[in-house]
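Comments concern the structure below.
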Amino acid sequence: MVLNQFLLLAAALFCIGVYGVLARRNGVMVLMSVELILNAVNINLVAFAAFTNSIAGEVFALFVIAIAAAEVGVGLAIVLLIYRNRKSIDLTEVDLLKG
Amino acid sequence: MMFAQVPPTTDPPVPTEFSTPDVDAWLILPLLVLIGGAVLLLMVASLVKSLQDGRFAAYATTAIAASAAICVIPLWARLNADGASSTFNGAVGFDGFSLFITVMICISVALTALVAAQYLIDEGFGGVEFYVLMLLSAAGGVVMASANDLIVLFLGLEVLSIAVYVLVASQLRRFASTEAGLKYFLLGAFSSAFLLYGIALVYGATGSTNMSTIKDFLAGNLLTNNALLLAGFALMLVGLGFKVAAVPFHAWTPDVYEGAPSPVVGFMASVVKAAGFAALIRVFVVTFSTYASDWQPAIYALAVLSLLGGSIAAVVQTNVKRMLAYSSISHAGFILVGVQAATDDGVRAALFYVAAYSVMIVGTFGVVTVFGGEGDHAHSLDDYRGLGRRRPALAFALTILLLSQAGVPFTVGFFAKLEIITAAVGAGSQWLGVIAMLAAVIAAYLYLRIVVSLFMQDADEEAEPVRLRTPDTAVAAIAIAVAAVMFFGIVPGPLDDVARDAVPVLVTRG
């Protein structure tokens, strides 16, 4: 019953994140939306860990936080590279490759 | 207030005496060689100025990858003597499957390093860090192939992917490369997040992240409400579908393949795809075997869409790198046909296909790297006209590799396709076999188009011919790939036997 509340919160965050990735045109906003999805996952993992009384979910959440940091590091570097070349991070203008 | 309602759950786990898990370091020796070699290479090259030119790093990478592959030989003997086992408290598995994928990844890395050696020097980017990233990415692939726990699987996937994002974007001066890097990064991060959400749901439904525990749980318990579990399956399939580039999750593939530096594309098409399929087989065919009737239709649909979508879209392209991108989607469809069968034969056929395809595609992109000329840009079909006269040996090698991709007899591609279709028919999916053959026929047209423009059309007289370099290291890598394609095309037995022994198993502890 109460687990559902956590799952619903996580699902809502997930949906906001997916919407952000698909609808936002700013590269940094897309990155932030991906972070939202990852945090939705963390809420899920910690909630499940608390309710099944196993530690694995909490450990997994720590790994996810670390990985997310690494991913954002690389992602921001690439966005910065695009910005230096183009003076813009509008994803609709990044269209040298068709498709 | 909300939290006040939380019922008192059972007592939190009492911290017992802290104990570190048993670690049998021998079982992960290839992994240690790859990572240790990468770190050592980085250190040596930053301390010794004279070794900073890319050539040394390329040879060192080839040597490291080759020694990691050689480390597998005693492990294979041990496997045959003692059987499969697991280490790190059951988190890392040790079986024929992981060893097979390890060897394949190492061979692909060694060949890619040879292809890239002179290319990177001529194009003036990369350097030692390019090779270090490649080795670390390969280590991630090995982790994925031997994962026995969903946490380990995810870590392996991220180590693999993050390094490849950087490799794709590494040609800073060419805008197409950074753009491809951005696209691959955004979609890759998005798909990893999907995979992760799926893993979280499966963990919630089964109460464990250990694959063998999950398998036992699913076999022993009938869930009254399996919505959570099925949603988890679907999200994991989406995540892995992106990695292996199956339709409808393929949109990034042509752009990234066109924009990324050519040797990196060869690396992605072999290593990333192999690791993705390893994860797919381990998670779905082995761990979720009890629920095969639930996920099989989904993979069936992905296979049909990839087979037909990939080969039909490839035919209308005019850029060779984009053609090969779509053809790689079609090849992914073939491997999915083997995965869909969910039988030992299917897994064996998928492994055989993955191995054959890796060698073919690294060789193919070796030739494409050379034919791209200065600036790595001459990749349209028109640019390839008349190359049969200018570079007959390389054009001939490319022809053999393409014919093998098309599945012509006396090449390894023929047996790969044959085994996949046999496995599909054996598992009762005759129609999938028919669709696979149809897709092979459509795709054959595309390979022949490239061959025709190589040999039967003359180059445009007025256009300035592209300056080509033929570095001997790349030629060596291409020669090895062609030799392997021909050898296993005439004597497929050895590879087939190894693929048969490389069955994936899950071992709980010890």
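Each value in this text was obtained by applying a stated rule to the coordinates, not by laboratory testing. Here the structure is a predicted model, which is why all the values come from computation and not from measurement. A quick note on method: Cβ atoms are made from the backbone with ideal geometry, for glycine too, and the neighbour counts reach across all protein chains shown.
Observations, loosely collected:
- Per-pair calculated FRET efficiency, R0 = 56 Å: B:Arg173 and B:Ile442 via Cβ, rounded to 0.05: 0.90
- Percent RCO, i.e. relative contact order, over region B:25-501, from Cα pairs under 8 Å lying at least 6 residues apart: 15 percent
- Between B:Met43 and B:Asp382, the FRET efficiency from the beta-carbon distance, with R0 = 45 Å, is close to 0.45.
- The order of B:Tyr119, B:Tyr300, going from fewest to most other C-beta atoms within 10 Å of their C-beta, is B:Tyr300, B:Tyr119.
- Label-point separation in nm, A:Leu9 to B:Ala483, each point 7 Å along Cα→Cβ: 6.2 nm
- On the beta carbon distance between B:Asp501 and B:Val408, with R0 = 22 Å, the FRET formula returns roughly 0.20.
- Taking trypsin sites (Lys or Arg not before Pro) across region B:161-228, the ones in a DSSP loop with at most 16 further Cβ atoms lying within 10 angstrom of their Cβ are B:Arg173.
- Normalised by the number of residues in region B:291-433, the mean separation of alpha-carbon contacts (under 8 Å, six or more apart) gives a relative contact order of 26 percent.
- Dipole magnitude of chain B about its Cα centre (Cβ charges: Lys, Arg +1; Asp, Glu -1), debye to nearest 20: 400 debye
- Relative contact order [Cα under 8 Å, 6+ residues apart], region A:3-97, whole percent: 29 percent
- Debye-sum result for the protein assembly as shown in log10 I(q)/I(0), which assumes one identical scatterer on each alpha carbon, at q = 0.10, 0.12 Å⁻¹: -0.84, -1.24
- From its DSSP helices (H runs of at least four residues, each -39,500 (n - 2.57)), chain B gives a residue-normalised ellipticity at 222 nm of -23500 deg cm²/dmol.
- The modelled label-to-label distance for the pair B:Ile312/B:Ala476, using points 7 Å beyond Cα in the direction of Cβ, is 4.5 nm.
- For the protein assembly as shown, with +1 on Lys and Arg beta carbons and -1 on Asp and Glu, the positive-most of B:Thr369, B:Ala231, B:Ala169 along the dipole: B:Thr369
- As a rough footprinting exposure proxy, the listed residues B:Val109, B:Val347 were ranked by other beta carbons within 10 Å of their own, and the order from fewest upward is B:Val347, B:Val109.
- For chain A, a Gaussian network of Cα nodes joined below 10 Å ranks A:Val30, A:Val46, A:Val59 by mean-square fluctuation, and the top entry is A:Val59.
- Gain on full stretching of the segment that runs from B:Gln430 to B:Ile70 - 0.36 nm per residue minus C-alpha separation: 125.6 nm
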